[in-house]
Structures are given as structure tokens and as C-alpha cells.
1. Under 1.5 on a/c is rounded, so check that first for the stretch 129-264, then, if it is not, pick prolate when a/b is larger than b/c and oblate when it is not; a ≥ b ≥ c are the square roots of the alpha carbon gyration tensor eigenvalues.
2. Let me know the shape class of the stretch 1-78, please: from the alpha-carbon gyration tensor, a ≥ b ≥ c as square roots of the eigenvalues, rounded when a/c is under 1.5, otherwise prolate if a/b is greater than b/c, or oblate.
3. Decide, for the stretch 2-44, between rounded, prolate and oblate: order the square roots of the alpha carbon gyration tensor eigenvalues as a ≥ b ≥ c, take rounded if a/c falls under 1.5, and otherwise choose prolate if a/b is larger than b/c, else oblate.
4. Per the helix-only calculation at 222 nm, which mean residue ellipticity applies to the chain, given -39500 (n - 2.57) for every DSSP H run of n ≥ 4 and division by its residues, nearest 500 deg cm²/dmol?
5. Magnitude of the Cβ-charge dipole of the chain, K/R +1 and D/E -1, about the Cα centre, nearest 20 debye?
6. Over the stretch 99-185, with every protein chain in place, what whole percent of the accessible area is carbon and sulfur at 1.4 Å, could you tell me?
7. Looking only at Asp18, Asp170, Asp91, which one moves most when the chain is put into a Gaussian network model with springs between Cα atoms under 10 Å?
8. Quick query: amide H of Tyr10 versus all other amide H atoms, modeled in the peptide plane; which residues come in under 5 Å with a sequence gap of 5 or more or a different chain?
Amino acid sequence: SGAPVLITFYPHPKQVVDIGKAPLYLLTTPEERYRLLSDAGIEHIVEVPFTREFSEQHAFDFIRDFLVEKFRPHTIIIGYDHRFGKNREGDYRLLEGHAASFGYKVKEIPEHILKDVAVSSTRIRNALLDGDAVTAGEYLGYPYFFHARVIPGDKRGRSIGYPTANLAIDHERKLIPANGVYAVTVQVDQYGTLHGMMNIGFRPTVAGKERSIEVHLFDFDADIYGSRIRVLVHQKIRDEIRFSGLEELKWQLDKDKEHVQRLL
């Protein structure tokens, strides 16, 4: 018996092959993906540097010179729609056609259907870009999350009883959901899991100029500047709104907090 090995590519092949197109934002960074895979029991992960030269390799050469020569696989498992090799010429059928001569078996991961919808990374990305964190979480099988570092802000929220942790995202290509207010749970190393609400956007009431991400943690006032935290995004509760002033904003935040506490 052998050990399970997962082969993945970095950077994402589309970033190399589709140069000039809009940048591809990631649902999971490499670090996050490896943690999820490790938790799922995958013992060995091989990250292949994906280059233009590598993309020009013919599919048969990839099977013979890479998969077979380097890994001596007993069984190769491939997604139903996965293509590999130059011009995407390799697929399940090509692997199956060479299985006997190279001495491996092939298994296909079927299309995953949830509520009569084919789940794909594109659908998950689009759900998040629409602010639909609930659907994204159903498709993923876990709440969408990102890692960030807590950085100093303007401390304006403190004056109305809603201090916030301003966040800087770890990875520049990590996908951030649509602007709005969200119910979140936040994992902070020394404090465990905390409940809170997150605002993504331009903070129109205080004439914000740049898109920011800030989280208010309920019943929590410890200093966590510089901490690296994990934010799990559960549900969007409303869009960003411009209020007449801080008093009206505070009134809305009180309502938001009640709403989020009911949800969580």
C-alpha cells in the first residue's frame, strides 16, 4: 500500500496561460489549501512550479516523464473536467488509454451536484462577489474564510462604542467578498473563536476614500494590534449605507449587532 499524494500547481495555470486577462483571485491561498488538505488526511502535497515552458509539455510526456517516472502511481485520481498538457489535450481518457502499459489504475471524480447545481470555483467566486456568503459556504462545505493582520485604524469607531480591528489581507490575490456588512466569527490565537460583524467598503459616512475591511468583535476589548487572525464569513446582512452622521450610524450598528447575534 502507498501513501496519498496530491499534485497541485502554483501559480494558478490561468495566471500563466491567460496573460493579459483580468487577474484571477483565489478562493484559497496555497497556505490555506495545504492546511485544508492536511486536515483531510493528505500526507504528501507536491507543488509543481507552473511556467510557460511547463505548459508547452505534451500530455503523454507529462504522464510518462512526470507522473509515472517520479511517482510510480498505483492509482491516479482525476477530476471529471480536468485537462492537462499542451492545448489541454490530456484528460481522463488519455490516462485510461495508457493505464495498462504503465501499470496504474485511473479513477474519475464525478461532477459535484448540490441542489441541482454543478458546483465550480467560478460559481463560488461569483456568489462571493455578489455578497452571497451563504451559498458560497454551501458550495465549499465550510464558511468562506481569509487570514489577515490587525493594523492601526483611525479609532473613530471607539467614539460610538463600536471599536473595530482594521485588517490587512495576507495575500494580494485572495478574493474579498462584495462590499457590505457581514456576520462573522473570528479566530484569534490567544482568545479562541469570537463573534462579530465585519464591514467591507469605503465607509461613506466618514468620507472614506479607500476600500477597507474592519471587524467589530462583540464584548471584546483586548489589544490585538499586529495579531494574525482568521475571519469566517457567514452571511451578509446589508449593503453599505451613507448615514447623516455618527448618531444615525450608531443606531444602525445597534440593530446590526442584534441581527448578527441572532444569526450566530
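1. rounded
2. Oblate.
3. oblate
4. Computed mean residue ellipticity for the chain: -6500 deg cm²/dmol.
5. The calculated dipole for the chain is roughly 260 debye.
6. 51 percent
7. Result: Asp18 has the largest fluctuation of those listed.
8. Sorted by chain and number, the residues that satisfy this are Val48, Phe50.
The values are calculated or read from the model by the stated rules, or taken from the named source; none is laboratory data. Everything numeric here is computed off the predicted structure, so don't read it as measured data. Every residue, glycine among them, receives a Cβ derived from its backbone with ideal geometry; neighbour counts consider all protein chains shown. Remember, those area values only see protein heavy atoms, side chains included, never the ligands or the DNA or RNA. Shrake-Rupley method; radii C 1.70, N 1.55, O 1.52, S 1.80 Å.
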